[in-house]
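Below is one structure, written out as structure tokens, with a few remarks after it.
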Amino acid sequence: MTFQRARSEEQREIRRRAILETTSAMLDEMPVAEVTLNELSRRVGLAKTAVLRYFESREAVLLDLMDDRTTTWLAELDQELAHGVDLGRSALERAEQVADVLSRSLAAQTVLCDLYGAQGGVLEHNVSVEVVRRHKRASLGNLAVMADLVRRHLPEVGDRAELFCLNALLVGGALSAYTSPPPSLLAVYESEPALAVHQVDLRTALRVAIITSLVGMLPRS
């Protein structure tokens with residue numbers, strides 16, 4: 001893919017979307033830590049300096065992509081919760097159903113979990129105040145949408161829904177770092193299976209964390 005210099009806002013947006021889509025494709029092949037501006041510019045067909053006209057840094061690209069992917073995922077989660085939660089059940093039963101749906105859905109979003117895992121320690125560094133401001137506004141908007149989805153199916157959590165959702169995303173990010181062991185660790189597990197007793201399965205670990213949090217937030221009868 002090669003581009004001529006953008007002459008209009010519409011052309012600039014086309015370039016911007018191409019950069020985000022190329023980065024998204026790279027993340028389907030490699031972890032966040034391995035994404036570089038040099039490789040991104042090569043794949044998108046722009047000079048590195050040209051990429052930096054649209055995004056001030058690698059981290060700025062990844063933050064925008066994280067916000068976009070979260071928005072897309074939440075639209076899918078809306079449908080999944082609608083089909084997976086029976087509103088006629090008790091609060092405890094619905095909490096278990098929400099935990100089932102949310103853990104399955106979030107665990108399938110391996111790239112998004114990787115991005116959340118890198119957010120605080122990596123992605124929110126090397127960016128300007130304006131980039132962080134835009135990202136935080138988008139993040140809070142997505143968090144509000146997610147909290148509304150949870151309250152729709154489990155209204156008993158009330159105003160604690162946003163805190164629950166934030167914790168679920170942070171846990172997903174933290175756990176994702178342990179779900180793809182490096183070759184050396186896999187070799188150890190293969191040679192001595194007893195050492196793999198606590199090897200992390202993302203969906204299982206997420207469900208435990210989510211159901212524990214949700215049940216703890218339910219009002220006591």
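The values are calculated or read from the model by the stated rules, or taken from the named source; none is laboratory data. Everything numeric here is computed off the predicted structure, so don't read it as measured data. In this analysis, Cβ positions are derived from the backbone assuming ideal geometry, glycine residues included, and neighbour counts consider all displayed protein chains. Accessible surface areas use protein heavy atoms only, side chains included; no ligands, DNA or RNA. Shrake-Rupley method; radii C 1.70, N 1.55, O 1.52, S 1.80 Å.
This table checks each residue for (1) assigned to a helix (DSSP H, G or I); (2) among the β-branched types (Val, Ile, Thr).
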| site | (1), (2) |
| --- | --- |
| Arg15 | yes, no |
| Thr22 | yes, yes |
| Ser41 | yes, no |
| Leu63 | yes, no |
| Arg69 | yes, no |
| Glu76 | yes, no |
| Glu80 | yes, no |
| Leu87 | no, no |
Open to solvent by 50 Å² or more (accessible area, probe 1.4 Å), over 26 Å from Ile14 (Cβ atoms) and touching a Lys or Arg at 6+ places or on another chain (Cβ under 7 Å): is that true of Arg151 in this structure? no
Can you go through Arg94, Arg137 and tell me which one is more than 14 Å from the chain's Cα centre (by Cα), surrounded by fewer than 18 Cβ atoms within 10 Å (Cβ to Cβ) and farther than 16 Å from Ala177 by Cα? Arg137
Filter pass, Gln79 being surrounded by fewer than 14 Cβ atoms within 10 Å (Cβ to Cβ) and under 21 Å from Asp148 (Cβ atoms): yes
List every residue pair whose Cβ atoms sit under 7 Å apart, with the two residues 6 or more apart in sequence or on different chains, where the first one lies in the stretch 17-44 and is in contact (Cβ under 8 Å) with a residue 60 or more places away in the chain and the second, anywhere, is hydrophobic (A, V, I, L, M, F, W, C). Ser24/Leu65; Leu27/Val35; Leu27/Val111; Asp28/Val111; Val32/Leu62; Val32/Leu115; Val32/Ala118
Residue pairs within 6 Å by beta carbon, gap of at least six or interchain, first lying in the stretch 52-76 and modelled with pLDDT of 95 or more, second surrounded by 21 or more Cβ atoms within 10 Å (Cβ to Cβ) and aromatic (Phe, Trp, Tyr), listed first then second, are Val61/Phe55
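Which one is most open to solvent (accessible area, probe 1.4 Å), of the residues in the stretch 97-107 that are in contact (Cβ under 8 Å) with a residue 40 or more places away in the chain and under 16 Å from Asp201 (Cα atoms)? Spell out how you get there, then give the answer.
Of the residues in the stretch 97-107, the ones in contact (Cβ under 8 Å) with a residue 40 or more places away in the chain are 97-100, 102-104, 106-107.
Still in the running and under 16 Å from Asp201 (Cα atoms): 99-100, 102-104, 106-107.
Numbers: Ala99: 0, Asp100: 54, Leu102: 5, Ser103: 1, Arg104: 107, Leu106: 3, Ala107: 18 Å².
Of everything passing the filter in the stretch 97-107, Arg104 is most open to solvent (accessible area, probe 1.4 Å).
Out of curiosity, is Glu10 in a helix (DSSP H, G or I), at pLDDT 95 or above, among the acidic types (Asp, Glu) and farther than 26 Å from Ser103 by Cα? Outline the logic, then answer.
Details: in a helix (DSSP H, G or I): yes; at pLDDT 95 or above: no; among the acidic types (Asp, Glu): yes; farther than 26 Å from Ser103 by Cα: yes.
No; evaluated as a whole, the condition is false for this residue.
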Take the conditions open to solvent by 70 Å² or more (accessible area, probe 1.4 Å), touching a residue at least 24 places away in the same chain (Cβ under 8 Å) and of a type in the set (A, V, I, L, M) and apply them to Leu206. Does it pass? no
The lone condition Met30 fails out of (1) modelled with pLDDT under 95; (2) open to solvent by 60 Å² or more (accessible area, probe 1.4 Å) is (2)
